[in-house]
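Peer 1: My questions will all concern the structure given below.
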Amino acid sequence: MRAILSVSDKTGIAGFARDLSKLGFELFSTGGTKRTLEEAQTPVKSISEITGFPEILGGRVKTLHPKIHGGLLARRNLPAHMAELAQNKIQPINLVVVNLYPFVQAVSKENITLDEALENIDIGGPTMLRAAAKNFPDVIVVVDSADYEPVLEKLGQGDLNITERKRLAQKAFQHVAVYDTAISQYLRQDTNGFPDEITIALKKRHGLRYGENPHQPAAFYAEQTVLKQNSGITWAKQLWGKELSFNNILDADAAWSTATDFAQSTVTIVKHTNPCGLSSHPDIVQAYRRALSGDPVSAFGGIVATNRTVNLSMAQEMSKTFYEIVIAPEYDTDALTELKKKRNLRILLVELPPDDATTTDSLDLRRVKGGLLIQTADSLSESSLKLNTVSRRSPTEVEFKDLKFAWRAVKHIKSNAIILVKDETLLGMGAGQPNRVVSVDIANAKAGEKSLGSVMASDAMFPFSDSVEQAAKSGVTAIIQPGGSIRDKDSIKAADKYNIAMVFTGTRHFLH
């Protein structure tokens, strides 16, 4: 029996090769893998002893040879195939162990050149994997060191059954698919628009307790990408608490995305992916208190996220309310000790995105049955925001500050979204309503008497003036909205009637 071993990740390969040798396998290898096996004093031969041909082109051509691929692809149950092997003095190869050059890690390095990237594209490895996996009834193919022990165990008992071989073949094809996806993604970086064909590579991070509901099994996958990734919940480090659920991750992502969308010191409280509390303030404890005041009832059982370090005072304030998760870029030691008094609280540590991070080039994917909708992320810089005052009265400096805060906040709330803001604090919000006026009513009801002197943001245009009328009754003094309705004049007229300053943005922030 013959086995070819050629791995980039050499974890466990020496022990695996030693045990294969004991089972009677004749081992062949190249380069670093061969040296590793030799250092472990495991008998191993060069691939050239199979091919009768030296490595050429600086190692670019080693295994691309009929004596390799004939030995892999020949079907043992076809006499014609076996006769051809004998005629051409080719021996069957029974096992292939390959994992590929770390292309993603290589191209993620700073200032890597195109030539260096191209040299990290493995050709022989994927070709051997595909050949072995295609012929899995006759050839065992291994790409994952986690499979070393199970394979050895089965071989020691006699052989692997067809189901086990098929599972290993599937992993091999998937390994190559992920690899090819990364290469394609790297070469596509300088192109604009949406390609005619696209693949998405995912790697399982961990299983989940359950999905949206306890009867739905679920798992969490991370996107494998050569692009520089901004920080996010996918890469969070859990410092405390039980494992996360499907809904926890969705809500945590919404909370972190909201908090880090603001440059100033900010705290948000999220419930069912919608911010029910949000405030910016130089004092992070004050920002938390103001965020909580927006809707203390809904905050119960919610998720808190902040873009600043959690100190002891903030931790003590948060401990007064039951939360599922707290998310921050850093925790003071005494704050962490305080939070850990809550046995069921999950504490997540997430790296802040760099100052120059942008998501404008990232893709937002939404699953529908049988396909995906793909769009660029809703991320417009403040400098690109063109505000146009359409009412007779212009916003005051204070109103203008709150309007800009409200416009950034409203994009994180499900459409139809209406929010009321004062002192850069969310007072009330209406979300996910089929009728925008109902969202206005909900926001007004949540804000109550605090709505007096507030500003309003709407994620999309007002089709009628009724939302402005409702805002006026609640004491709203300024409104920011996209504009663009055929009845804009009616809304502007209503704003002027009540001395409300109205600003158009020319863009909308639907979130479905």
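Peer 1: Would you work out the charge dipole size for the chain about its Cα centre, treating the Cβ of every Lys and Arg as +1 and the Cβ of every Asp and Glu as -1, and quote it to the nearest 20 debye?
Peer 2: 1080 debye
Peer 1: Okay, next question. Of LYS386/LYS411; LYS134/LYS204; LYS134/LYS369, which ones are farther than 21 Å apart at the Cα?
Peer 2: Among LYS386/LYS411; LYS134/LYS204; LYS134/LYS369, the Cα-Cα distance tops 21 Å for LYS134/LYS204; LYS134/LYS369.
Peer 1: Assigning unit charges at the beta carbon (Lys, Arg +1; Asp, Glu -1) and nothing else, what dipole magnitude in debye, to the nearest 20, does the stretch 230-349 show about its Cα centre? Spell out each step's value before the answer.
Peer 2: Numbers: 12 positive and 12 negative charges, 64 e Å.
About 300 debye.
Peer 1: Which one of GLN433, ALA377, THR321 has its Cα pushed farthest toward the positive end of the charge dipole of the stretch 313-443, where Lys and Arg give +1 and Asp and Glu give -1 at the Cβ?
Peer 2: Projecting each Cα onto the dipole axis, the largest value belongs to GLN433.
Peer 1: Starting from the exponent 0.38 and prefactor 2.2 Å, build the expected Rg for the stretch 230-349 from its residue count and divide its actual Cα Rg by it.
Peer 2: 0.91
Peer 1: Another question, then. For the chain, give the share of DSSP beta bridges that are antiparallel, in percent and rounded to the nearest 5; count only bridges with both residues there.
Peer 2: 55 percent
Peer 1: What is the packing order of peptides 59-72, 287-300, taking the mean over residues of other C-beta atoms within 10 Å and listing the highest first? Before the final figure, lay out each step's value.
Peer 2: On the way: 59-72: 18.5, 287-300: 20.0.
The peptides rank, most packed first, as 287-300, 59-72.
Peer 1: Still on this structure, I have one more. Listed highest first by mean packing, meaning other Cβ atoms within 10 Å per residue, what order do 387-393, 129-135 come in? Could the numbers behind the result be given before it?
Peer 2: Working: 387-393: 14.7, 129-135: 22.3.
Put in order of decreasing packing, that is 129-135, 387-393.
Peer 1: Here's a follow-up. Near the amide H of ARG2, under 5 Å away, which other amide H atoms are found, from residues 5 or more places off or on another chain, if H is placed in the peptide plane?
Peer 2: Residues meeting the criterion, in which the H sits 1.01 Å from N, are GLU26, ASN94, LEU95.
Peer 1: How would you rank 48-54, 400-406, 424-430, highest first, on the average number of other Cβ atoms within 10 Å across their residues?
Peer 2: With the highest mean Cβ count within 10 Å placed first, the list reads 424-430, 400-406, 48-54.
Peer 1: Each residue of the stretch 338-350 in turn: what ³J(HN,Hα) in whole Hz from Karplus with 6.51, -1.76, 1.60 and θ = phi - 60°, glycine and Pro shown as x?
Peer 2: Here the 3J(HN,Hα) series is 5, 5, 6, 5, 8, 4, 8, 7, 8, 10, 10, 10, 10 Hz.
Peer 1: Between SER231 and GLU38, what FRET efficiency follows from the Cβ-Cβ distance if R0 is 41 Å, with the result rounded to 0.05?
Peer 2: Numbers: r = 42 Å, r/R0 = 1.03.
Given R0 = 41 Å and the Cβ-Cβ separation, E is 0.45.
Peer 1: In nm, to one decimal, how far is the ARG75 label point from the LYS45 one, both placed 7 Å along Cα→Cβ?
Peer 2: A separation of 2.8 nm, rounded to one decimal place.
Peer 1: Report, to two decimal places, the Cα Rg of the stretch 380-504 normalised by 2.2 N^0.38 Å (N = number of residues).
Peer 2: Compared with the compact-globule rule of thumb, the stretch 380-504 sits at 0.91.
Peer 1: What does the extension gain come out to for ALA219 and LEU64, with contour length at 0.36 nm per residue minus their alpha carbon separation?
Peer 2: On the way: separation 155, 0.36 × 155 = 55.80 nm, distance 3.82 nm.
Extra length from ALA219 to LEU64 when fully extended: 52.0 nm.
Peer 1: Quick one: go through the stretch 220-262 and flag any residue whose amide nitrogen is under 13 Å from the point 7 Å out along the Cα-to-Cβ line of ALA146.
Peer 2: Within reach of a label on ALA146, which here means backbone N under 13 Å from a point 7 Å along Cα→Cβ, the stretch 220-262 contributes 220-222.
Peer 1: Given the pairs LYS401/LYS450; LYS320/LYS404; LYS414/LYS473, which span a C-alpha to C-alpha distance of over 22 angstrom in this model?
Peer 2: Pairs exceeding 22 Å: LYS320/LYS404; LYS414/LYS473.
Peer 1: Taking Cα atoms, how many degrees apart are the long axis of helix 488-497 and the longest axis of the chain, rounded to 10 and kept between 0 and 90?
Peer 2: 40 degrees
Peer 1: Send over the Kirkwood Rh of the chain, from the inverse of the averaged 1/r over different Cα pairs, rounded to one decimal Å. It would help to have the intermediate numbers written out before the result.
Peer 2: Values: mean 1/r = 0.0372 Å⁻¹.
Computed over the chain, the radius equals 26.9 Å.
Computed from the coordinates by the stated procedures, all read-outs in this text should not be read as laboratory data. This is a predicted model, so every value here is computed, not measured. Because the Cβ atoms are built from the backbone with ideal geometry, glycine has one as well, and the counts that use them run over all protein chains shown.
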